[in-house]
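Taking it in order: structure first as C-alpha cells, then the write-up.
Where a number appears in this text, it was derived from the coordinates with a stated rule and is not lab data. In this text, all values refer to a predicted model and were calculated from it rather than measured experimentally. With ideal geometry, Cβ positions are generated from the backbone for all residues, glycine too; neighbour counts draw on all protein chains shown.
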Amino acid sequence: MQSSDFHSTARAQLKLVVVGHVDHGKSTLIGRLLHDTGALPPGKLEEIKATSARRGMPVEWSFALDSFQAERDQAITIDTTQIWFRTPTRDTVIIDAPGHREFLKNMVSGAAQADAAVLVIDAEEGVRDQSRRHAYLLHLLGLRQIAVVVNKMDLVAFSQDRFATISEEITAYLVRIGLTPKVIIPISAREGDYIASPSSRLAWFKGPTLVEAIDAFSPKSVSAQLPLRLPIQDVYKFDQRRILVGRIESGTLRVGDKLLFSPSNKTAEVRSIESFGDQTMPTEAKTGEAVGFTLSEQIFVERGELGSHESAPPVLSTIFRATIFWLASHPLVIGQRLKLKLTTREVIVTVQSIDKVIDTETLAPSAGSEVSRNAVAEITLRSQNVVALDEYRDNPATGRFSLVDGYDTVAGGLISMEGYPDQRPNLRKNPELYHVDHILSAEVRATRNGHYGSVLWFTGLSGAGKSTLAMRLEQALFARGYQVYVLDGDNVRAGLNADLGYAPKDRAENIRRVGQVAALFADAGFIVITAFISPYQADREYARSASPKAFHEIHIKADVATCEKRDIKGLYKKARAGLIDDFTGISAPYEEPANPNLAIDTKSQSIDACLEKLISYVDDKIRHR
Amino acid sequence: MTDLDKLEAQTLYILREAYARISNLAMLWSIGKDSTALLWMVRKAFFGTIPFPLVLLDTGMELDEVYAFRDQLVTEWKLPAISEPCPPEESTDPSLPPASRAAARKTEGLKNLISRNGYQGIFLGIRRDEQAMRAKERVFSPRSIDGQWDFRDQPPEFWDQYKTDFPEGVHVRIHPILQWTELDIWRYTKREGIPIVPLYLARNGKRYRSLGEKNITFPVNSNADSIDAIIAELETTKTSERAGRAMDHEAEDSFERLRATGYM
C-alpha cells in the first residue's frame, strides 16, 4: 500500500471536452476510449451490448455515456456529461458536448470548463457547420489546446487522400481564428483504430494515438505574473470579526497589503487572512484560493467591489466593447437592457450598438441590427454604473461576463476597450461620482448617460423634413440607450405656449420659450431635438445663448420649390391662396443660417441617408467617451 | 495549490455564492461521507458558523451506526440539525420498481420540507462521477414548484456564473461538490481528519461503499479497513460506487425517473 503522503499530493487533472458536428461520433469515441483504456466497469460492456440489442443496433459505444432515456432512444447527446478516466500519468475528466445546434448552450457549459479539446470530424461528411462553430466557440472560451480527429476512417477505406483533404480544410479554418491544432489523427472510433494503439490499416499515418495526444495536453493555469484581482463575494459578521470573502482570480494577497477597491475607490490595509481550523494564520494567499480577510479600517465595502493593489488597478468604465455568443431564442437588438454579471458584480447594461455580426461559417463580418440565436457578434455595451474590469486579453477572469435577460443567462462575452479610454483618471477628477452630496456636474451626467446634454436645433422651411427627421432621430438615439426628447409645435403649442398666436411678436416669444426649455433639458443631461421653422437668425442666436456650449444649429435644407411640391399639410396651397398670412418662404422671409453646425440636404438625399448623417454627427460630437 | 486545494476552493466559492444570492437555504446532510465532507467545508466557508439548517430526510430506515454517528457529531460540533420524517411508501408512485419506491420516500419528504419552510435553495452533496444522470447536473440546478427536473432544458452555466434568478415558486438545488470524485472525497477526508461512519471500513471482508436505507443498501466485498486502504482500493477498482444501491439497477431508466421527479 502506498504511503498516505502519496494520497495528499497533487495528481494533475486534465479536463478535456469532445466537440464536433452532430453524428460525427463524439460519444462513440468516448465510449471506445473508455473501453480501450480499460476504464469501463465490469459488466458495462455486456450492458451496452444488451441495451444496443434491445434497440436493434450494433454495439453502440455512446451508451457508455448517454444516460437519458431520450438520448438512448434517439442516439443523440442532449446535455453535456462528464466521465473520469485515468492514464498512468494522470486523471482526465472527459466532457462530452452535444453536437446539435439547438443544444449549443449545453456545449458551451461543457466546453467552458475544459483545459483542452478534441474536435471530431466525420471522414465521410467532412467539415460541417457545427465543426466550425464549435471550434470558434472553443477559441472564444479561451481554449488553445486542440486535437482534431478525423473519425469513421473505415467508411472511406482508410483513404490517406481523404484525410489530407479534411486536414487541410480544418487547419486553414483553425489558423484563421487563431487556433493551431496540436495534432490531426485519423481514427475509427467504432473499430478502435488509433484510439489507444496504432492500426495497420492506417500504416501511412505516423503521428500519435489519441491517448498519446491527450497525455501531451497540460492543464490550464493562470499566469503568476498577473496583478491582484480579488472580487468581493460577501462580508460576514458572524462574530466580532468583519470578514470579507472572495476568490483570488489572479495575483497574490499578503497581510499588510494596501488594497484598492473599485469602483468605490476606497483603500484599506489587509490586517489578517482568516481561516477556520488551521493552527497558524496564513500571511499570504495565491491565485485560485477562496479567502477571507479583515481590514485595518472599517470601511464600507460590499459584494461586487473588485480588490487590487493601487499600483495595478483595473479599468473603470461605463462603456466597453465585447465579443459575445448569444444563446437566447429571441435575437439581441440595439437598445436592449440586460443584467451583466462580471465576477461578483452585477450591473444593468444597454446595447448601444451591434458593430459586427460574425458568420462562423465564412468568418465574414457583416453589419446587422440584431444577433440571432447561437451567433457571435461584436457589440458595444453601456452600463448605468461604473464597472471595474480588465480587457480579456489582459486578464481573462475579470475580462469576461455573462448576460442575464429576466431569469435566464442569454450570453457570454469577452471585453475589449478598443476606442474607449480608462475612465479612472477622469473619475478621480470628479469625486462627486462617488459622493453625490455635491452639485452634479455635466461631466458626471455625461458619464452616467453616455452622452452630453445637448440641444439639436433644427431649422428649415415648412416641409423641409424637420419633424420627420426629429422623430426618426429620437427613435434611433433612444434605441441606443440615449436620453432624448423632441420639442415641436405639437407638444409646445398645446400647453406651455397655448397663450401665443402667430404674430411676429408671439413667434419670437414662442422661440424664446422653446430655447429656454431646451436649455433646461440639456442641463438635465438630455439630448433635446427641436423642430421649429425658426426663420430669424436673431431668434436662433437668442436660443443659442440659453445653452451656448450645448447648442447645435442644424439646417434641414430644402428649397421652397421642393417643399411646396411636398406640401404634406397643404399649407403652401393655402398660403398661395392668401389664406395664411406671413407664411415663411411665401409671404415672410427665411434667413438661412450663415454658419450652421450641420446642414442636412433633404432635397437630394433620402431620409435614411439624412438620418445616418445625423446619427454620426451625434456619435462624433455628443457621445461621451 | 494541489488538486484537493483547488476542489476545496471551488466548493467554498459555490457555498458563498449561494449564501450571498439565495435567501432561505437548507442543506441535506445524509450523514454519509460526501455530505459530511461538504459539512466540513461549510464550517470552513463560514468560519465555524453554519448559517442554515442541516436536514436529515429520515425514513427511519437508516442503519443504526448512522443515527449514532449523527447524534455524536451534532453534540460535538453544535450543529443546527433537524430531522424531516418521510411519508410512507404508500404515498409514492406505485408504478416505480420496489427499491425505487423505497428511495422515492425521500423525494416526498423533501417536497414537504420545501413547501412547508419555503426554502429557495437546497445544498446537496451529490457528485458527477457517482451516476450517469448526476454527471449531467448543473452546479445551480433549478426545480419547478413540484420538484421536477427539466433535464432536457438546463440553463447554460459557464465561467462560474451561476443561475441565481428565478420566478416565484422555483427553488434551486445547489451542488457544491459536483466536481469531486469518490477518491477525492476519501483523500480529503484523510487529509483533513474528517470523522466518518465506521460502516465504511471493512469488517469480516465486507464494507459499505455507499450508505442508504438498510432495506435497499448492501455492503460490498472488501478488506479495506482504513481510509488508506479504501484509497488504495479505489485506485484500482472498476466496480461502480453505487453497485450496492438496489434502486439503480431495477430498470434501464429507474434512476432517471427518480431524479426527474425530484430525487437527489
What the 5 Å binned alpha carbon P(r) of segment B:197-249 shows, as percent of pairs per bin from 0, is 5, 22, 30, 26, 13, 4
Where Rh denotes the Kirkwood radius from the mean inverse Cα pair distance, what is Rg over Rh for segment A:230-309? 0.92
Neighbourhood charge, 10 Å Cβ-Cβ cut-off, centred on A:F458 and excluding it, Lys, Arg +1 and Asp, Glu -1: -1
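Subtract the Cα-Cα distance of A:S221 and A:M471 from 0.36 nm times their separation in residues, and report this length gain in nm to one decimal. Before the final figure, lay out each step's value.
On the way: separation 250, 0.36 × 250 = 90.00 nm, distance 5.31 nm.
Net length gain for the segment: 84.7 nm.
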Considering amide H positions built from the backbone, and no H for Pro or chain starts, which residues 5 or more places from A:L14, or on another chain, come under 5 Å of its amide H? A:D91, A:T92, A:V93
Segment A:445-621: C-alpha pair distances exceeding 30 Å, %: 14
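Given the -39500 (n - 2.57) contribution per DSSP H run of 4+ residues, what per-residue ellipticity at 222 nm results for the protein assembly as shown, rounded to the nearest 500 deg cm²/dmol? Don't skip to the end; give the middle numbers.
On the way: 24 runs with 261 residues, N = 889.
Estimated from H runs of four or more residues: -9000 deg cm²/dmol.
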If chain B were replaced by its equivalent ellipsoid, with semi-axes equal to the square roots of 5 times the Cα gyration tensor eigenvalues, what would those be, largest first, whole Å? 26, 23, 19
Taking only Cα atoms of segment A:198-259, radius of gyration then Dmax in Å: 23.4, 72
Return the whole-Å distance between the Cα centroid of segment A:445-494 and the Cα centroid of segment B:185-230. 74
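Using the Cα atoms of segment A:9-215 to build a convex hull, what is its mean projected area in square nanometres? Before the final figure, lay out the partial values.
Details: hull surface 45.6 nm².
Reported value for the Cα convex hull: 11.4 nm².
Determine the percent antiparallel among the DSSP beta bridges restricted to segment A:9-215, to the nearest 5.
Antiparallel: roughly 25 percent of the beta bridges in segment A:9-215.
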So, in Å, what gap is there between the alpha-carbon centers of segment A:351-372 and segment A:136-187? 26
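Over 19 Å between Cα atoms, which of A:K466/A:K505; A:K182/A:K206; A:K286/B:K44 qualify? Please list the in-between numbers first.
On the way: A:K466/A:K505 23 Å; A:K182/A:K206 14 Å; A:K286/B:K44 17 Å.
Over 19 Å apart, Cα to Cα: A:K466/A:K505.
Just the ratio, please: alpha-carbon radius of gyration of segment A:217-352 over 2.2 N^0.38 Å, N its number of residues. Walk me through the numbers before you get to the answer.
On the way: Rg = 17.3 Å, N = 136, 2.2 N^0.38 = 14.2 Å.
The value comes to 1.22.
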Rg/Rh over Cα atoms for the protein assembly as shown, Kirkwood Rh, comes to 1.06
Here, segment A:533-589 modelled as identical Cα point scatterers in vacuum has Debye log10 I(q)/I(0) at q = 0.13, 0.17, 0.21, 0.29 Å⁻¹ of -0.44, -0.67, -0.85, -1.17
Over its Cα atoms, what ratio of radius of gyration to 2.2 N^0.38 Å does segment B:133-196 give? 1.39
Counting all Cα-Cα pairs in segment A:101-235, those more than 24 Å apart amount in percent to 36
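Regarding segment A:292-435, what whole-number volume in Å³ per residue does the convex hull of its Cα atoms give? Working shown, then result.
Details: hull volume 19.8 nm³, N = 144.
Considering the Cα atoms of segment A:292-435, their hull volume per residue is 137 Å³.
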